[in-house]
Amino acid sequence: DKLAVAVYDFPDLSGQRKPKENVAELSTAVTQGGAQILNDTLLRAGGGSWFDVVERSGLQNILQERQIIRQQREVYMGAEAPPLTPLIFAGTVLEGGIVSYDTNITTGGFGARLLGIGGNTEYRTDVVEVVLRLVSVQTGRIVRSVNARKSILSVLLQGSAFKYIAADEILEAEAGVTSNEPTNIAVREAIEAAVYALILESTIAGDFAFANPEEGEQVIAAYQARREAAD
């Protein structure tokens, strides 16, 4: 059966702003749409057959619309107005958030030049980390907690030439390209990895079970090997 889950919020708890030289930047470094990404990930998990995701971020809008429907039915249908079907409630709530965004974890580069012609490359690595918790609504107990990290790579490639083509003429040329991995894609991949880890950790604990036990054992073994390598 599908597991009914609710996501109220998945906020940015990193407190990081976009880096900018000599300017107080107000824009945040990571997306503020973590809850939307998490809901989308849960809906697509297992081809949409694993989780029954209920809307909670826009719950007030749903309640207001149901109130409008109820009032209109009472006006035009009176006492014979059929009641609205009850809302689906979730037995579990997913909590957590984007807990850190660290820049310049590693930086470096290399270059070479011969007879005025050469090139160089530079790179920088940032890291975003998310934490995801599975909470029981009946008891309020945190059943499971996982975290996932994703590296964000930025690379600069640059080439230049400086040559005397005549006694009083100099040729100088320069070209380059910079590639920055989008932060929102990194956040999405980190959230997807956290959901993946939450499912497998719950399976290891006996809460879930694979339809094909043999394939499930292979998936769990690969997951545990990656987890040990990361630790």
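List the lysines whose alpha-carbon lies under 25 Å from that of LYS18, not counting same-chain residues fewer than 8 positions away? Qualifying lysines at Cα under 25 Å: LYS150.
In terms of solvent-accessible area of protein heavy atoms at a 1.4 angstrom probe, what is the ranking of PHE89, PHE162, highest value first?
Solvent-accessible surface, decreasing: PHE89, PHE162.
Using a Gaussian network model of the chain in which every pair of alpha carbons under 10 angstrom is joined by a spring, one finds that among LEU134, LEU94, LEU156 the greatest mean-square fluctuation is at LEU156. Relative to one another, the C-alpha centroids of region 148-201 and region 59-123 are positioned 26 Å apart. Once C-alpha pairs closer than 8 Å and six or more residues apart are averaged by separation and normalised to the residue number of the chain, the relative contact order reads 17 percent.
Computed over the chain, the percent of Cα pairs more than 25 Å apart is 60.
Every helix of 4 or more DSSP H residues in the chain counts as -39500 (n - 2.57), and over all residues that averages to -10000 deg cm²/dmol at 222 nm. Net charge of the neighbourhood of VAL128, taken over other residues with C-beta under 11 Å away and scored Lys/Arg +1, Asp/Glu -1, is -3. Only aspartates and glutamates eight or more places from LYS2 in sequence, or on another chain, were considered; those with a Cα closer than 20 Å are ASP40, ASP52, GLU55, GLU95, GLU192, GLU201, ASP207. Within the chain, helices built from complete DSSP H runs that reach 24 Å or longer along their own axis (Cα positions) and carry a mean Kyte-Doolittle hydropathy of -0.5 or higher are 183-204. Across the accessible surface of the chain, with the other protein chains kept in place and a 1.4 Å probe, carbon and sulfur atoms take up 53 percent. Scanning residues 5 or more positions from ALA29 or on other chains, those with amide H under 5 Å from its amide H are GLN16, ARG17, LYS18, with H placed 1.01 Å from N in the peptide plane.
The values are calculated or read from the model by the stated rules, or taken from the named source; none is laboratory data. These numbers were taken from a predicted model, which means no experiment stands behind them. Positions of Cβ are generated from backbone atoms using ideal geometry, with glycine treated the same way; all protein chains shown enter the neighbour counts. Ligands, DNA and RNA are excluded from the accessible area calculation, which covers all protein heavy atoms including side chains. Shrake-Rupley method; radii C 1.70, N 1.55, O 1.52, S 1.80 Å.
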